[in-house]
1. For the stretch A:64-86, give me each residue that is touching a strand residue (DSSP E or B) at 6+ places or on another chain (Cβ under 6 Å) and under 17 Å from residue A:111 (Cβ atoms).
2. If I ask for residues that are within 15 Å of residue A:60 (Cβ to Cβ) and either loosely packed, with under 13 Cβ neighbours inside 10 Å or touching a helix residue (DSSP H, G or I) at 6+ places or on another chain (Cβ under 7 Å) (or both), which ones from the stretch A:7-44 would you list?
3. Would you point out the residue of the stretch A:54-105, among those that are touching a residue at least 12 places away in the same chain (Cβ under 8 Å) and in contact with a helix residue (DSSP H, G or I) (Cβ under 9 Å, 6 or more places away or on another chain), that is surrounded by the fewest Cβ atoms within 10 Å (Cβ to Cβ)?
4. Taking strands (runs of 3 or more DSSP E) that fall entirely within the stretch B:17-95, which contain at least 2 residues that are within 14 Å of chain A (Cβ to nearest Cβ) and touching a strand residue (DSSP E or B) at 6+ places or on another chain (Cβ under 8 Å)?
5. Which one of the conditions (1) more than 24 Å from residue A:40 (Cα to Cα); (2) away from every other protein chain (no Cβ under 14 Å); (3) touching a strand residue (DSSP E or B) at 6+ places or on another chain (Cβ under 9 Å) does residue A:95 fail to meet, given that it meets all the rest?
6. Just to be sure I understand, how many residues within the stretch B:17-49 are under 30 Å from residue A:10 (Cα atoms) and under 10 Å from the mean Cα position of the chain (by Cα)?
7. Residues that are within 17 Å of residue B:34 (Cβ to Cβ): list the strands (runs of 3 or more DSSP E) wholly contained in the stretch A:33-112 that include at least 1 such residues.
8. Tell me which of these residue B:14 doesn't satisfy, since it passes every other one: (1) more than 10 Å from the chain's Cα centre (by Cα); (2) more than 14 Å from chain A (Cβ to nearest Cβ); (3) within 26 Å of residue A:45 (Cα to Cα); (4) touching a residue at least 60 places away in the same chain (Cβ under 8 Å).
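The values are calculated or read from the model by the stated rules, or taken from the named source; none is laboratory data. All figures in this text were calculated on a predicted structure; none of them were measured in a lab. In this analysis, Cβ positions are derived from the backbone assuming ideal geometry, glycine residues included, and neighbour counts consider all displayed protein chains.
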């Protein structure tokens, strides 16, 4: 029973294409996140949703659009992919008031050629 | 502003050596402090946490003590194993639950 599952695990695509990553959690958490991790392991928060409401929207190009259809799902759509978008994208979830104890997915490695 | 500073890696140790990874923080509020670990090819997972000054978090033989006077939360383990090879991230929540402030991560390699 995977707690936070992301699909796909790997994406390889060409510059200019559009791609989506899906995330689902079965922990009953009400807050979900998208993080980007670069090749040096630097971790940057991109978005956070609480009960389907966007609460964190960091300085991210508007080519990136998150969507949360319900509190168990958070998807990330990326338009017009660029070389610099190559990274590992992690979904995570937590309970409100849970002192930021995050449960992470296994990551989705995006390679833009 | 809020920040976390970790010692730079990579750290390379022999099995059974003593480990210390330094972490200091700046925060405007009264943060909770965390260590997360990322094993190769996996997502991060919580290793330990401390929510107030002088608390000690511990798990899997790792320990860290919340030192408010030195704004530090150093990670220690008395005897590392090859299976401890991973990237370790220190973080705090700036005294709120909105988001975590992350360090840059410290890579640890343990050789047999």
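1. A:64, A:76, A:78, A:81, A:83, A:85, A:86
2. Hit for the stretch A:7-44 is A:38, nothing else.
3. Across the stretch A:54-105, the extreme among qualifying residues is A:63.
4. Where strands (runs of 3 or more DSSP E) fall fully within the stretch B:17-95 and carry at least 2 residues being within 14 Å of chain A (Cβ to nearest Cβ) and touching a strand residue (DSSP E or B) at 6+ places or on another chain (Cβ under 8 Å), they are B:33-38, B:44-50, B:56-59, B:86-92.
5. (2)
6. So the count comes out to 7.
7. Ranges flagged: A:43-50, A:87-94.
8. For residue B:14, the failing item is (3).
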